[in-house]
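**Q** A single structure is presented below for examination.
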């Protein structure tokens, strides 16, 4: 579980996050949603320690994340995995080398054990046999899956995904969402997903946090999304003209 | 220490720059010999001074300084672009989250690799430059083989070689650290990356020239 309290962040005097407090629960897909510029990425970067908040606290279970020594931070980071928006795969390394990279850096495993673990992860993301390809030789969706395989290679307790569906077609997005959801359940990890994709919200949103202008304006589950009368949530959910037409039609049919 | 990465950097910087350094050194030596021969025309200065001047200009100034300026353009801009690209593609963030000491893994091998490879390139460059002077002056009949070799052996001060190596080490450190810094802290998009790459070269060149003056002041005045 990750708990944040009173997170504020400003850049050059401009407030980006204003007093965000919420909890990301273990074994669930916790979503941070909102329009572009709402502060989602900044919040995610604060969660993983790439940015320091101006004020507030971040607790990983009972550990005060912002006051760790370098050694403690490194140990905690070995329990984290992150899937980046652009996958962030190292271009000069093959798929298997990308996935093995954290093991090469920090584990005492033998070469054989590392390769075994890499193959396990590749199998988990349905990329068996793609070991020797370079990132540029696989599709965007496959790159995301390699990114997920690298993120789980150390069997993390916390998984972070920044816009996992950006640049993917709807079908591939569903595959990635299902993968994130099943890995969360299988490893019983705390997953935090930053997205503005409504399909993801309705598919994997166990615990949803809506940000607007740096403020947390709504919290709930995917089941509660359609029931809520929160205006900001509704305007976000039904932002697409297609969904607006569907909603209008549904209201006409069931006034 | 990331030895594998350091050795890869040594290879990339050393072998990767050998051809351009050799080519530039060859012509600088040749031009130095030709122009000094031109200036000696009608004077009482012995012709064997051509070899002596080519040797000392090469060792004291041309080999370390020109090599470093050329490498600032080739290696420095490459380092700034590579690291800057990694910053923009979130590779450095990915490493940070994995717990990798990013400057230690990305920057340190480049600096150590350069500290080994560039002084070696400077030594090779100096030898090729002296060869260039020979090729430009002996086969063309400007000076005899014996005179050129006599010039090379005359008034030799061993400390000048030490001075060349001091310059090579200082310039290597300057050009790699400036370039890595420019790449590491790049922000924005492709325009900023291009600017960081250009700044890496310009700032490295200025720093090298200032350092060249300071070293000359300290060791030769």
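Quick note: the coordinates plus some simple rules give every number you see, no bench work behind them. Worth saying up front: this structure is predicted, and the values here are computed from it rather than measured. All Cβ positions, even for glycine, are placed from backbone atoms using ideal geometry, and neighbour counts span all protein chains on display.
**Q** Run the simple label-point estimate for residue B:105 and residue B:4 please: 7 Å along Cα→C-beta, distance reported in nm.
**A** 1.2
**Q** Compute the separation of the alpha-carbon centres of the range A:67-91 and the range B:189-210 and state it in Å as a whole number.
**A** If you average the Cα positions of each part, the centres end up 30 Å apart.
**Q** What is chain A's relative contact order, in percent, from Cα pairs under 8 angstrom and six or more apart in sequence?
**A** On the way: 441 pairs, mean separation 69.6, N = 255.
RCO, chain A: 27 percent.
**Q** Follow-up question, since we're still on this one. Can you give the log10 of the normalised intensity I(q)/I(0) at q = 0.21 Å⁻¹, computed with Debye over equal Cα scatterers of the range B:156-210?
**A** -0.74
**Q** Let me ask something else about it. Once Rh is set to the Kirkwood radius over Cα pairs, what Stokes-Einstein translational diffusion coefficient, in µm²/s, holds for the range A:117-202 at a temperature of 25 °C and a viscosity of 0.890 mPa s? Each step should come with its number before you reach the end.
**A** Values: Rh = 13.2 Å.
Calculated translational D: 186 µm²/s.
**Q** Please compute the volume of the convex hull spanned by the alpha-carbon atoms of the range B:1-122 and report it per residue in Å³.
**A** Numbers: hull volume 11.4 nm³, N = 122.
For the range B:1-122, the hull spanned by Cα atoms encloses 93 Å³ per residue.
**Q** Send over the per residue convex hull volume for the range A:1-128, Cα only, as a whole number of Å³. Mind dumping the intermediate values first?
**A** Values: hull volume 19.9 nm³, N = 128.
In the range A:1-128, the Cα hull volume divided by residue count equals 156 Å³.
**Q** Over all residues in B:86-97, what is the mean tally of Cβ atoms on other chains that come within 10 Å of each residue's Cβ? Numbers along the way, then the final one.
**A** Details: counts 3, 0, 1, 7, 9, 6, 2, 7, 14, 5, 5, 13.
Per residue, the number of nearby Cβ atoms from other chains is 6 on average.
**Q** When all alpha-carbon pairs of the range A:54-95 are counted, what percent fall beyond 13 Å? Could the numbers behind the result be given before it?
**A** Working: 582 of 861 pairs.
So the pairs more than 13 Å apart make up 68 percent of the total in the range A:54-95.
**Q** Show me A:149-160, A:105-116 ranked by packing, highest mean number of other Cβ atoms within 10 Å first.
**A** On the way: A:149-160: 22.8, A:105-116: 12.5.
Descending mean neighbour count gives A:149-160, A:105-116.
**Q** Right, another one. If you build a Gaussian network model of chain A, linking Cα atoms that sit under 10 Å apart, which residue out of A:227, A:178, A:123 swings the most?
**A** A:227
**Q** What are the radius of gyration and Dmax of the range A:143-255, computed over its Cα atoms and given in Å?
**A** Calculated on Cα positions, Rg and Dmax stand at 15.7, 53 Å.
**Q** If you take the square roots of the eigenvalues of the alpha-carbon gyration tensor of the range A:1-64 and sort them as a ≥ b ≥ c, do you get rounded (a/c under 1.5), prolate (a/b over b/c) or oblate?
**A** Here the range A:1-64 falls in the oblate category.
**Q** Need one word for the range B:99-150: rounded, prolate or oblate. Basis is the Cα gyration tensor (sqrt eigenvalues a ≥ b ≥ c); a/c below 1.5 gives rounded, then a/b vs b/c decides.
**A** Working: a/c = 10.61, a/b = 5.51, b/c = 1.93.
Prolate.
**Q** Using only atoms on other chains, find how many Cβ atoms lie within 10 Å of each Cβ of peptide A:83-95 and report the average. Present the calculation step by step, with values, prior to reporting the outcome.
**A** Details: counts 1, 6, 1, 5, 3, 9, 4, 5, 4, 2, 0, 0, 0.
Partner-chain Cβ atoms within 10 Å, mean over residues of A:83-95: 3.
**Q** Ok, one more. Give the angle, between 0 and 90 degrees and rounded to the nearest 10, that separates the Cα long axis of helix A:111-124 from the longest principal axis of the Cα atoms of chain A.
**A** 30
**Q** Quick one: helix A:140-152 against the long Cα principal axis of chain A, what's the angle to the nearest 10°, folded into 0 to 90?
**A** For helix A:140-152, the angle is close to 70 degrees.
**Q** How big is chain A in terms of Cα radius of gyration and Dmax, in angstroms?
**A** Taking only Cα atoms of chain A, I get Rg and Dmax of 19.1, 66 Å.
**Q** Right, next: Kindly provide log₁₀ I(q)/I(0) values, in the same order as q = 0.29 Å⁻¹, from the Debye equation applied to equal alpha-carbon scatterers of the range B:179-221.
**A** Once normalised to I(0) and log-transformed, intensities are -0.91.
**Q** Using a 10 Å cut-off around each Cβ, can you sort A:213, A:91 from fewest to most neighbouring Cβ atoms? Mind showing how you got there, number by number?
**A** Numbers: A:213 15, A:91 12.
Starting with the residue having the fewest Cβ neighbours, the order is A:91, A:213.
**Q** Continuing with the same structure: Need one number: the % of Cα-Cα pairs in the range B:59-152 sitting beyond the 22 Å mark. Could you put the intermediate results ahead of the total?
**A** Numbers: 2252 of 4371 pairs.
The share of Cα pairs beyond 22 Å in the range B:59-152 comes to 52 percent.
**Q** Put a dot 7 Å past each Cα toward the Cβ at residue B:27 and residue A:25; how far apart are the dots in nm?
**A** In this crude spin-label approximation the distance works out to 7.1 nm.
**Q** Please give the helix A:95-106 orientation as an angle from the longest Cα principal axis of chain A, in degrees from 0 to 90, rounded to the nearest 10.
**A** With rounding to tens, the tilt is 80 degrees.
**Q** May I pose another question? Mind sorting B:48, B:185 by how few other Cβ atoms lie within 10 Å of their own Cβ, fewest first?
**A** Details: B:48 19, B:185 11.
Ranking B:48, B:185 by Cβ neighbours within 10 Å, fewest first, gives B:185, B:48.
**Q** If packing is taken as the average number of other Cβ atoms within 10 Å across a peptide's residues, how do B:81-87, B:30-36 rank, most packed first? Mind showing how you got there, number by number?
**A** On the way: B:81-87: 22.0, B:30-36: 19.9.
In decreasing order of mean packing, B:81-87, B:30-36 become B:81-87, B:30-36.
**Q** Here is a follow-up. Most fluctuating residue of B:186, B:138, B:45 in a GNM of chain B with Cα springs under 10 Å: which is it?
**A** Maximum among the listed residues: B:45.
**Q** In percent, how large is the relative contact order of chain B, given Cα pairs closer than 8 Å and 6 or more residues apart?
**A** Numbers: 307 pairs, mean separation 82.0, N = 221.
With pairs under 8 Å counted, the relative contact order is 37 percent.
**Q** Then there is this: Under a crude label model (7 Å from the Cα following the beta-carbon direction), how far is residue A:115 from residue A:59 in nanometres?
**A** If labels sit at residue A:115 and residue A:59, their model points lie 4.6 nm apart.
**Q** Given axes a ≥ b ≥ c from the Cα gyration tensor, I'd like to know whether the range B:123-185 is rounded (a/c under 1.5), prolate (a/b larger than b/c) or oblate. The partial results should precede the final answer.
**A** On the way: a/c = 6.44, a/b = 2.31, b/c = 2.79.
Judged from the Cα gyration tensor, the range B:123-185 comes out oblate (a/c at least 1.5, b/c at or above a/b).
**Q** Still on this structure: Could you state the number of Å between the C-alpha centres of the range B:105-161 and the range A:100-154?
**A** 48
**Q** Also, I was wondering about something else. For every helix of n ≥ 4 consecutive DSSP H residues, a contribution of -39,500 (n - 2.57) applies; sum these over the protein assembly as shown, divide by its total residues, and give [θ] at 222 nm rounded to the nearest 500 deg cm²/dmol. Display every interim value, and only then the final one.
**A** On the way: 19 runs with 273 residues, N = 476.
The helix-only estimate for the protein assembly as shown comes to -18500 deg cm²/dmol at 222 nm.
**Q** Just to confirm my numbers, what's the Cα centroid distance between the range B:21-87 and the range A:194-255 in Å?
**A** Cα centroid to Cα centroid, the span is 68 Å.
**Q** Using every alpha carbon pair in the protein assembly as shown, what percent of pairs falls into each 10 Å bin from 0 up to the bin containing the largest distance?
**A** Values per bin, smallest distances first: 4, 16, 22, 19, 13, 10, 8, 5, 2, 1, 0, 0.
**Q** Another question, then. Under the definition of partner shielding as Cβ atoms of other protein chains within 10 Å of a residue Cβ, what is the mean value for peptide A:73-82? Intermediate values should be presented prior to the final figure.
**A** Values: counts 1, 4, 1, 1, 5, 2, 1, 3, 2, 6.
Average neighbour count from other chains, rounded to a whole number: 3.
**Q** Same structure, new question: Throw me the Rg/Rh for the range B:92-221, computed over C-alpha atoms with Kirkwood Rh, two decimals. Write down the numbers at each step before the final one.
**A** Values: Rg = 20.4 Å, Rh = 17.8 Å.
Reported Rg/Rh (Cα atoms, Kirkwood Rh): 1.14.
**Q** Which value results when the Cα radius of gyration for chain B is divided by 2.2 N^0.38 Å?
**A** Working: Rg = 20.2 Å, N = 221, 2.2 N^0.38 = 17.1 Å.
Here the answer is 1.18, to two decimals.
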